[in-house]
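S.K.: After the structure tokens below, expect a handful of questions from me.
None of the figures in this text is laboratory data; all of them are computed from the coordinates on show. Just so you know, these numbers come straight off a predicted model, no measurement behind them. Neighbour counts are summed over all protein chains in view; Cβ atoms, including those assigned to glycine, are modelled from backbone coordinates with ideal geometry.
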Amino acid sequence: MTPTSKAPWHHWPVAVLTLVFYALAALDYALSKLGVSAYLGMFPPDVTVLVTGLSLWVSAIWAIGVWGGLAGAWLLWKRNRWSVLLLFAGAVAMVFLTVWLSLFTRPTIFGAAGFIGFYLMVGSAAIAVLIYIYARWERTEHKLA
């Protein structure tokens, strides 16, 4: 299936920003999971303990959100309809992680990183949801193949 028309002018800036957003998220994930001390040293010790102490299943959800979102961003760039599913997975994972780290971990993200860390998580989840909504809209308008 091919898109019914050429991409609207706003598709390309949104696709580029989506790629940058998820590429930075993937970089954060990789540096955190590899334990790069130069990167982790930029954060308060409580944040480092929080991130490195995540259980396997929470880390798996983080990975699904980051890598699924990055793949979805690439497919959005390629105007592929499967980007919607992957961007949905990325958004759901980001929202779940925000709620989980805000309510169920000790220390919470707010306790470990303060307002900045908390707002960064909430903002990232909101951006992921907005990206999904945009991709879903493009699919319903037959702008994705």
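S.K.: Quick one: what pairs do we get from the stretch 91-109, first residue in contact (Cβ under 8 Å) with a residue 60 or more places away in the chain and surrounded by fewer than 17 Cβ atoms within 10 Å (Cβ to Cβ), second assigned to a helix (DSSP H, G or I) and of a type in the set (Asp, Glu), C-beta under 9 Å, 6+ apart or different chains?
M.R.: Within 9 Å, the pairs are 107/46.
Yes/no per residue for (1) closer than 17 Å to residue 22 by Cα; (2) part of a loop (DSSP other than H, G, I, E, B):
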{"residue": "102", "(1), (2)": "no, no"}
{"residue": "117", "(1), (2)": "no, no"}
{"residue": "126", "(1), (2)": "yes, no"}
{"residue": "132", "(1), (2)": "yes, no"}
{"residue": "137", "(1), (2)": "no, no"}
{"residue": "142", "(1), (2)": "no, yes"}
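S.K.: Is it fair to say residue 66 is of a type outside the set (Phe, Trp, Tyr) and under 10 Å from the mean Cα position of the chain (by Cα)?
M.R.: When the stated conditions are applied, residue 66 passes them.
S.K.: Let me ask something additional. When you look at residue 79, is it over 27 Å from residue 15 (Cα atoms) and charged (D, E, K, R), yes or no?
M.R.: no
S.K.: Regarding residue 83, is this residue within 17 Å of the chain's Cα centre (by Cα), surrounded by 15 or more Cβ atoms within 10 Å (Cβ to Cβ), of a type in the set (S, T, N, Q) and farther than 21 Å from residue 126 by Cα? Break it down stepwise before answering.
M.R.: Numbers: within 17 Å of the chain's Cα centre (by Cα): yes; surrounded by 15 or more Cβ atoms within 10 Å (Cβ to Cβ): yes; of a type in the set (S, T, N, Q): yes; farther than 21 Å from residue 126 by Cα: no.
So residue 83 does not fit the description; no.
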